[in-house]
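The values are calculated or read from the model by the stated rules, or taken from the named source; none is laboratory data. From a predicted model like this one, the values you see are computed outputs, not experimental measurements. Here the Cβ is made from the backbone with ideal geometry for all residues, glycine too, and neighbour counts use every protein chain on show.
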Amino acid sequence: MKLYTYFRSSASFRVRIALNLKGLPCEYAPVHLVRNGGEQLAPAYRAIHPDGLVPALEDDGHLLQQSLAIVEYLNEMHPEPPLLPAAPADRAHARALALQIACDIHPLNNLRVLKYLTGTLGVSDEAKQQWYRHWVTAGFASLEARLAADPRTGKLACGDQPTLADLCLVPQVWNARRFNIALDDYPTICRIYDHAMTLDAFAQAAPENQPDAE
């Protein structure tokens, strides 16, 4: 397998965790999202991913895109350890948590959105940071309430074993801490993050531990 990745990409972070949990060897192909105007926009990479996004995964002649689709593919091809609970309602719960992060929080704070705010709309860096904080804290407030109230929440988001929900939660918290967002109001989220990062699969997937880290 070959993973087109960027060390700070939240979506790439999710896939790296999944690969580690499954114990799958993978060639890393770094795509720098800032250097030279963004290597993801070059024609050579556009031929791999027309949207100019990471990650993309090559496996057995297949070219896969979108992090959650890639993770579910890996989970189906390599079922152990499972990344979704066994019961249908619990699987839906894990997917709902993952999608709340991947669809409702992350896209609003994606690099290309932030670059559009400052580069095209002329938004100041201070206003950009306010934008980032607003959408992270609004999303985390809802997520914290859901996790704190649900009896299925354990050491991790859906019990004590890693699931798709944790693969999405951990990179989002890592980003929030990188941007110095206060997380005191989200103790359940922080507890899950802290526990996850004691696990090798998560720690080894962290941005600072990647070959292309700067």
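At-a-glance table
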{"item": "Any hit, region 170-177, residues being of a type in the set (Phe, Trp, Tyr), in a helix (DSSP H, G or I), outside the structural domain of Ile17 (by TED's automatic domain parsing) and within 16 Å of Ser10 (Cα to Cα)", "result": "yes"}
{"item": "Complete set of residues in region 41-73 that are among the aliphatic types (A, V, I, L, M) and farther than 22 Å from His106 by Cα", "result": "Ala42, Ala44, Ala47, Ile48, Leu63"}
{"item": "Selection count where residues are of a type outside the set (S, T, N, Q), touching a residue at least 12 places away in the same chain (Cβ under 8 Å) and assigned to a loop (DSSP other than H, G, I, E, B), scope region 125-164", "result": "6"}
{"item": "Total residues in region 67-95, condition small (Gly, Ala, Ser) and in contact (Cβ under 8 Å) with a residue 24 or more places away in the chain", "result": "2"}
{"item": "Residue, surrounded by the most Cβ atoms within 10 Å (Cβ to Cβ), within region 180-209, restricted to residues that are in contact (Cβ under 8 Å) with a residue 40 or more places away in the chain and of a type in the set (Gly, Ala, Ser)", "result": "Ala205"}
{"item": "Verdict on Ile48 being in contact with a strand residue (DSSP E or B) (Cβ under 7 Å, 6 or more places away or on another chain) and farther than 29 Å from Asp160 by Cα", "result": "yes"}
{"item": "Residue check for Tyr193: aromatic (Phe, Trp, Tyr) and either closer than 30 Å to Pro88 by Cβ or under 14 Å from the mean Cα position of the chain (by Cα) (or both)", "result": "yes"}
{"item": "Given (1) closer than 16 Å to Tyr4 by Cβ; (2) free of Cβ contacts under 8 Å to residues at least 24 places away in the same chain, number of the condition His49 does not satisfy", "result": "(2)"}
{"item": "The one condition in (1) farther than 18 Å from Pro107 by Cβ; (2) touching a strand residue (DSSP E or B) at 6+ places or on another chain (Cβ under 9 Å) that Phe13 fails to fulfil", "result": "(1)"}
{"item": "Test: residue in region 67-83 that is assigned by TED's automatic domain parsing to the domain that holds Val34, modelled with pLDDT of 95 or more, surrounded by 12 or more Cβ atoms within 10 Å (Cβ to Cβ) and in contact with a His (Cβ under 9 Å, 6 or more places away or on another chain)", "result": "yes"}
{"item": "Residue in region 149-162 that is in contact with a Ser or Thr (Cβ under 6 Å, 6 or more places away or on another chain) and surrounded by 15 or more Cβ atoms within 10 Å (Cβ to Cβ) present", "result": "no"}
{"item": "Members of region 96-109 that are out of contact with any Lys or Arg (no Cβ under 9 Å at 6 or more places or on another chain), in contact (Cβ under 8 Å) with a residue 40 or more places away in the chain and under 23 Å from Gly38 (Cβ atoms)", "result": "Ile105, His106, Asn109"}
